[in-house]
Amino acid sequence: MPQIYDYPEYYEVAFSFRDIPSEVTFMERCIERFSRIPVRRILEVACGPAPHARQFVKRGYHFIGLDNNRNMLDYATYKWRAVNPRPELIEGDMVRFQLPGTVDFAFIMLGSLYIDSQAGMTSHFDSLSRCLNPGGLYFLDWCIQHTDPLAKGDSTTVLQERDGIAVESRFDIRLVDPVEHMYEEIWTLSVDDHGRHRTFEMHERNRAILPEEFLEFVDRRSDFEFVGWWKDWDLDQPITTNDNVGRPVAILRRL
Ligand SMILES: C[S@@+](CC[C@H](N)C(=O)[O-])C[C@H]1O[C@@H](n2cnc3c(N)ncnc32)[C@H](O)[C@@H]1O
């Protein structure tokens, strides 16, 4: 079965529910409030088609995207070919990476912290620590499981449509290992591309990052501090209990 990440245009339609300019404005607000350094160079970890790249460049930042999928990077390179200065798109694994130079702000979207072990997490944060300047923020969207992933119950289905391409996504989740908090997410996409039908199925094994464990993890590190976490991208809604969290964001700061 083909992989959806090898078809970036379908992936983009599936996630076209986002308001990208507003998301960039929100990240700028977080920078203003919490960053201890001026921000010029920005890194997106697991950037895929780099949907935020143009907005960041338009606002005067240098954008660097890291992803391990060549098709995604080629697609982003082509899509943003007229953006000046060009986003820098780098092929690499988020578990262990190096950048040419440093950045002042890093972010990761849509729970893309696909790391299945504690050693992998340590290696990811070591890599980030080497390239994020002290005082800079790491912004994590939907990466911490404040609510039990299985509590959503049956599968959820989302339909998105753009430019004659309709993509129906169905998300199912099952517990693989309760001790290690390992889950398997099954993402089934039915694509109707101007009357041509295709189906994709993605199986992803992920380790749920639970809030307490994440705080302990950050606490044990000497190079990051916890700044806060909020419900639904709203700085007026700090997370105090794990009820009704929706789409959480968390922010760390490099010490
Ligand atoms: C859900 S998509 C997010 C794409 C983009 N950030 C966005 O907001 O639309 C996840 C991305 O993570 C990438 N990815 C998965 N595992 C990775 C890894 N180990 N290192 C780097 N990128 C990875 C995939 O290729 C895919 O482009």
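The values are calculated or read from the model by the stated rules, or taken from the named source; none is laboratory data. Note that the structure is predicted; figures quoted are calculated from it, not measured. Using ideal geometry, Cβ is built from the backbone for each residue, glycine included, and neighbour counts are taken over all protein chains shown.
So which strands (runs of 3 or more DSSP E) stay within the range 89-195 end to end and still have 1 or more residues that are among the small types (Gly, Ala, Ser) and without any contact (Cβ under 8 Å) to a residue 60 or more places away in the chain?
182-193
Would you be able to tell me the number of residues in the range 206-224 that are out of contact with any His (no Cβ under 6 Å at 6 or more places or on another chain) and part of a strand (DSSP E or B)?
So the count comes out to 2.
If SER35 satisfies all but one of (1) touching a residue at least 40 places away in the same chain (Cβ under 8 Å); (2) under 13 Å from the mean Cα position of the chain (by Cα), what's the number of the condition it fails?
(2)
Out of the range 211-251, which residues are modelled with pLDDT of 95 or more, more than 25 Å from GLU180 (Cβ to Cβ) and small (Gly, Ala, Ser)?
SER222, GLY228
Kindly indicate the residue of the range 57-73 that is buried (at least 18 other Cβ atoms within 10 Å of the Cβ) and assigned to a helix (DSSP H, G or I) and also farthest from the ligand (Cβ to nearest atom) among those meeting that condition.
To start, the set of residues in the range 57-73 that are buried (at least 18 other Cβ atoms within 10 Å of the Cβ) comprises 57, 61-67, 69, 72-73.
If we keep only those that are assigned to a helix (DSSP H, G or I) too, we end up with 57, 72-73.
Details: VAL57: 16, MET72: 4, LEU73: 9 Å.
By that ranking, first place goes to VAL57.
Does the range 237-250 contain at least one residue that is surrounded by fewer than 16 Cβ atoms within 10 Å (Cβ to Cβ) and within 30 Å of GLU9 (Cβ to Cβ)?
Within the range 237-250, one or more residues are surrounded by fewer than 16 Cβ atoms within 10 Å (Cβ to Cβ) and within 30 Å of GLU9 (Cβ to Cβ).
So GLY136 clears everything in (1) closer than 20 Å to LEU255 by Cβ; (2) among the small types (Gly, Ala, Ser); (3) modelled with pLDDT under 95 except one condition, right? Which one?
(3) is the only condition that GLY136 fails.
Whether any residue in the range 74-92 is within 14 Å of the ligand (Cβ to nearest atom) and within 24 Å of PHE214 (Cβ to Cβ) is what I want to check.
There is at least one residue in the range 74-92 that is within 14 Å of the ligand (Cβ to nearest atom) and within 24 Å of PHE214 (Cβ to Cβ).
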